[in-house]
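Colleague: Below is a structure I'd like to ask you about.
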Amino acid sequence: MLKGLLETLRSMTEKPVTIQYPEVKRPVRARFRGRHILRRYENGLERCIGCALCAAACPSDAIFVEAAENTDDERYSPGERYARVYEINMLRCIFCGFCEDACPTEAIVLTDNYELTFTDRHHSIYTKEMLLEPVPEGGKPTPQKVEPGVYTRAIPIMQDPTD
Amino acid sequence: MGKMVTLTIDGQVISVPQGMLIVDAAKKAGIDIPVFCYHPKMEPVGMCRMCLVEVGRPVIDRTTGQPILEADGTPKIQFGPKLETACTTPVSEGMVVRTQTQVVAEARRGIIEFLLTSHPLDCPICDKGGECPLQNLTMAYGPGESRFQYEDKMHLAKHVPLGELIYLDRERCILCGRCVRFQSNVADDPVIAFSQRGRALQIVTFSEPGFDSYFSGNTTDICPVGALTTADFRFGARPWEMIPTASICPHCPVGCNLTLNVRREAAAGGREVIKRVMPRQNEWVNEIWICDKGRFGYHYTESPERLRQPLVRKNGRLEPATWEEALAFAAEGLRERSGVVALAGGRLSNEDFFNLYQVVTARQGRAVLYSTMAGGDYVQRYGLSGDANLAGLGKGDAVLVVATDLHEEAPLWWLRVKQAAERGATLIVANARPTKLERYAAHVIRYAYSEVLEKVQSLLAGESPEAQALAKATNLVIFFGQEGLSLEASEALATMLARLLVQNGQAERPLSGLVAVWPHANTQGGWEIGFRPDPDLAHTLATAGAVWVAAADPAGDDPILAQALEKAGFVIVQDLFLTETARRADVVFPVQAFTEREGTWTSGERRVQRFYPAVPELENTRPDFMIVAQVADHLGIPLVGRSASRVFDELARALPAFAGLSYTRLAEVVEQWPLVGRGDLYYGGTVYENTQGLGVRLARMSAGAELSEWPAVEIAPAPADDALYLVPVVRLYDQGQTLVPSHLLQQRMARAALYLAPATAAQLGVQTGERVEVSAGEWAETLTVYVDANVPVKAGLVPRSTGVPLRQPLWVRAQRAVLEPQP
């Protein structure tokens, strides 16, 4: 009995392991895979080109992509094609990160945000508006009206394809 | 079967017919030799060098002519110092081919590396990505890495519209020339070509409108990269996301086999929609091609103007009703009245025709086919039979094409007749005006519209060179249409042509017979089941107790029929749209489109083929056969109406021609050559393999009684010297309700106009663009004139289904319209 009491006394002096979530948050590992975001370029254009390779790679069929064609009057991404509809069903997603690996433009990235809650199944479907990151400083929101002849490539040229 | 040749490919000994190319022989043996420029349906050119293989031939002793043997007794084989192209080298006796050696692999790697020097590798956004031969072959044989400078890649135009239907991506193009060769050799519309040379070589179009060909969509199928894509499908979906469903083209009597690619779409409110239409291989019907009408003309099935609920006339107005109400109302209307006339159009399936026929005969009514062309009964008795395939026509055979412009009316038949002529069959084209088919004709018979029957009759007399060519042909296939003919004249024409077959002794041969070029997909099916056209339709409708119209719009086509319909006692209409006829109906039932339901169609060659449901039905619509059965149920006539296959079983029991057929039988397939689909995309293109049925040709009805004398039909002579014979002619892209919703084709659609010969126009004192008033009795129209040297004198051609109420040819008075002052 004395032994047990001693244990109790010792633990009273120790620092508590409990974290006061949500006021305090535990740091996550560098390669933690949480909620996805769709990234933008510095000028505000979306990186996503609507190729649906993420959807093809997805083992749980959580991603739905519908593509459409950019015009210079209404430009979403630098290439010819953009995602008109981009949805991820977070109830289906198993956070494996295959979408991130499949993405040819590094548009979809898994962040360290693990706070995914919803009270309705319908709310588990994250639309493109929810997934897109905010327009960076100095950039313009999409769709943008651009000068013709600037974005003539099918897909933006990747600086270092081995990256 | 010609002489067989035995050769060895990769250690496998195979025997193939002499003259076959190594690449085809290897494919037969199940060995893949990758190709880009070669296509089994076209002559080889050996441009891409992808098919290089090691070829060895036995060494022959020049003195004895015998092969020199090795010490072990096997023939000595000498391999060439260089690789040879498997696509241009025919097989020879004792040849040894190696496709898997180090040298060959090296060569393939080199070719791919070169092809990719300027290929953009934008596979993620390319419409071909996922079904791309270049992508697949690079994965299989490519080097994986390029030694070329990335910065040196050529940057070319990515979005070059070759017309409004097809887009070219110059960067992706590997200049294999498949599309150019297809257009010049297969379609014979050489409207695209190579321009410039070297690194600047590119595909250009020089027609107006751009890429002006009815077969242009096929180039996107055979393009081995994503250089040619259709505007219709552009970025529509990735190939692996779509579900393929077998179907049949609804537009013409050829019955091309299609595959509908379906995908769920958020933009369409989460519904499943058709993303694209692709050809499906059927070597007896369309081989691996389809025309652009079939490819782009499916949009009517998803038109927002489709009927979505039954309508019932209450207090003189059509008002929405429930199905129960509408069915009961229709049955009530029929019960009270005698003299039911069912007027059915060729868009119905065999099942619909059959059920409708059952009801109408049970009520002692008449089953009328909505058609201005006759001869279906002759096709039943003197049509093609058994396994006959137009591809079997060649030297010693003859094809006669009368009163039809196959290129406009049934493009795939045009293609197959042209190919028969190229194989050596004697082609005889008879028409009042030049048509595109005449380029390949051995004889051209030209007549004035009013003397067509005399001309055909003279073929029976057997003196002219044309008649002799027909008489000595082993097999004779006759395509006949209705251009310039009234219903009675068309009946007489069919009788004469049947007589011609009998007289020449060809009627019994399977690959000889009549083929009717109907205006709709299943007009022949209507004939098979017992529907017959009515020469005095207006009178029949006006005196009918009740008229039951299905898939026809008489009121929209002809104001006289519209008036007649108003006199009819009670009108039931089944249609996709609220047509002019539907507006005059007492009950309107919304039906399902062919993409939403099951059924079968009988092609002009009497091949019965199944189509399958591809998308869920539009809410509140039902298939025609079901509606008919449900109305019949209210009348106490028991009919099968739940499933199309059960109706078909009933049909097969009732009609001798359909005996022994069932949906299972229609779904049978055999292996076809060339192999397409599966892993053979690089070989045949993205055409789909046929796994859901080749269809079955109906048994030929016994000739029965002697051929009757044809009715003495007089085509009314010109009432006056300056009278004009107004003839409705078919244009592929018309303003019909099943085509107008395909906005992509809008620019190419025929407009209401009057085509006149230069002499006629000069006589009237008009030029292109001016207007002419044509009239006959009460009938009068004012039309814009186009002067066209191909039009016969004293005739005026008016494109069908363009809003001009002209169903049959008509003598009219023409005069220059007085210009009204502009408001």
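Colleague: Please report the antiparallel percentage of the DSSP beta bridges confined to chain B, to the nearest 5.
Modeller: Here the antiparallel bridges make up roughly 60 percent for chain B.
Colleague: Here's a follow-up. Around B:Gln457, under 11 Å between beta carbons, what's the net of Lys plus Arg minus Asp minus Glu among the other residues?
Modeller: Net charge around B:Gln457: 0.
Colleague: Non-local amide H neighbours of B:Phe570 (under 5 Å, H modeled in plane, Pro and chain starts lacking H): which ones?
Modeller: B:Ala546, B:Val547
Colleague: Let a ≥ b ≥ c be the square roots of the eigenvalues of the Cα gyration tensor of segment B:151-302; is it rounded (a/c under 1.5), or, if not, prolate (a/b larger than b/c) or oblate?
Modeller: oblate
Colleague: When all C-alpha to C-alpha distances in segment B:1-124 are sorted into bins of 5 Å, what percent of pairs does each bin hold, rounded to whole numbers?
Modeller: Percent of Cα pairs in each bin: 2, 11, 18, 20, 19, 13, 8, 5, 2, 1, 1, 0, 0.
Colleague: Sticking with this one: With +1 on each Lys and Arg Cβ and -1 on each Asp and Glu Cβ, and nothing else charged, work out how big the dipole of segment A:93-163 is about its Cα centre, in Debye to the nearest 20.
Modeller: So the magnitude is around 420 debye.
Colleague: Positive end of the dipole of segment B:376-517, charges at C-beta (+1 Lys, Arg; -1 Asp, Glu), about the Cα centre: which of B:Asn389, B:Ala467, B:Tyr447 has its Cα farthest in that direction?
Modeller: B:Asn389
Colleague: Taking segment B:47-155, which chymotrypsin sites (Phe, Trp or Tyr not before Pro) meet the DSSP loop condition and have no more than 13 other C-beta atoms within 10 Å?
Modeller: B:Phe148
Colleague: For the protein assembly as shown, with the dipole built from +1 on Lys and Arg beta-carbon atoms and -1 on Asp and Glu ones, taken about the Cα centre, which of A:Ala68, A:Cys93, B:His39 lies farthest toward the positive end?
Modeller: The listed residue farthest towards the positive side: A:Cys93.
Colleague: Follow-up. Taking a threshold of 27 Å on the Cα-Cα distance, which of the pairs B:Lys418/B:Lys794; A:Lys140/B:Lys153; B:Lys455/B:Lys794 fall above it?
Modeller: In this structure, B:Lys418/B:Lys794; A:Lys140/B:Lys153 lie more than 27 Å apart at Cα.
Colleague: When the Karplus curve 6.51 cos²θ - 1.76 cosθ + 1.60 is applied with θ = phi - 60°, which whole-Hz ³J(HN,Hα) does each residue of segment B:74-84 get, with x for Gly and Pro?
Modeller: 7, x, 7, 10, 10, 8, x, x, 10, 6, 10
Colleague: Taking every DSSP beta bridge with both residues inside the protein assembly as shown, roughly what % is antiparallel (nearest 5)?
Modeller: 60
Colleague: What is the dipole size for segment B:120-184, taken about its Cα centre, with +1 at each Lys and Arg Cβ and -1 at each Asp and Glu Cβ, in debye to the nearest 20?
Modeller: 240
Colleague: Additional query: Cross-link candidates for B:Lys27: which lysines have Cα within less than 23 Å, leaving aside residues fewer than 8 places away along the same chain?
Modeller: The qualifying lysines are B:Lys3, B:Lys41, B:Lys82.
Colleague: Treat segment A:80-163 as a sphere of radius equal to its Kirkwood radius over Cα pairs and apply Stokes-Einstein at 20 °C in a medium of 1.002 mPa s; give the translational diffusion coefficient in µm²/s, rounded to a whole number.
Modeller: In µm²/s, the coefficient is 137.
Colleague: Now, a different point. Give the residue from B:Thr784, B:Pro758, B:Pro741 lying farthest towards the positive end of the charge dipole for segment B:723-816; charges sit on Cβ (+1 for Lys and Arg, -1 for Asp and Glu) and the dipole is referred to the Cα centre.
Modeller: Positive-end residue among those listed: B:Pro741.
Colleague: Can you list the aspartates and glutamates whose alpha carbon is less than 16 Å from that of B:Lys158, not counting same-chain residues fewer than 8 positions off?
Modeller: The qualifying aspartates and glutamates are A:Glu69, A:Asp72, A:Glu80, B:Asp122, B:Asp127, B:Asp169, B:Glu171.
Colleague: Taking 2.2 N^0.38 Å as the expected size of a compact globular protein, what ratio does the Cα radius of gyration of chain B give against it, to two decimals?
Modeller: The reported ratio for this selection is 1.02.
Colleague: In debye to the nearest 20, how big a dipole does the protein assembly as shown give about its Cα centre with +1 on each Lys and Arg Cβ and -1 on each Asp and Glu Cβ?
Modeller: Result for the protein assembly as shown is approximately 1540 debye, rounded to the nearest 20.
Colleague: What distance in nm lies between label points placed 7 Å from Cα along the C-beta direction at B:Ala699 and B:Glu324?
Modeller: 4.6
Colleague: While we're here: I'd like the orientation of helix A:2-13 relative to chain A: the angle between its Cα long axis and the longest Cα principal axis, in ° from 0 to 90, rounded to 10.
Modeller: With rounding to tens, the tilt is 40 degrees.
Colleague: So who's got an amide H within less than 5 Å of the one on B:Tyr447, skipping anything under 5 residues away but keeping other chains? H placed 1.01 Å off N, in plane.
Modeller: Those qualifying (amide H under 5 Å, at least 5 residues apart or on another chain) are B:Asn431, B:Ala432.
Colleague: Restricting to bridges with both residues inside segment B:550-639, how much of the DSSP beta-bridge set is antiparallel, in percent to the nearest 5?
Modeller: 40
Colleague: Using r as the Cβ-Cβ distance of B:Ser15 and B:Arg271, and R0 as 56 Å, what FRET efficiency do you calculate, to the nearest 0.05?
Modeller: With a Förster radius of 56 Å, E is 0.60.
Colleague: Then there is this: Quick one: which residues, 5 or more positions from B:Gly513 or on another chain, have an amide H under 5 Å from its amide H? H modelled 1.01 Å from N in the peptide plane, none for Pro or chain starts.
Modeller: B:Leu476, B:Val477, B:Ile478
Colleague: Something else: Taking a label point 7 Å from the Cα of A:Arg26 along the Cα→Cβ vector, which residues of segment A:99-114 have an amide N closer than 17 Å to it?
Modeller: A:112-114
Bear in mind that the values in this text are calculations on the coordinates, not laboratory data. Only a predicted model underlies this, so the values are computations on that prediction, with no experimental measurement involved. Reconstructed Cβ throughout: ideal geometry from the backbone, glycine too, with neighbour counts over all protein chains shown.
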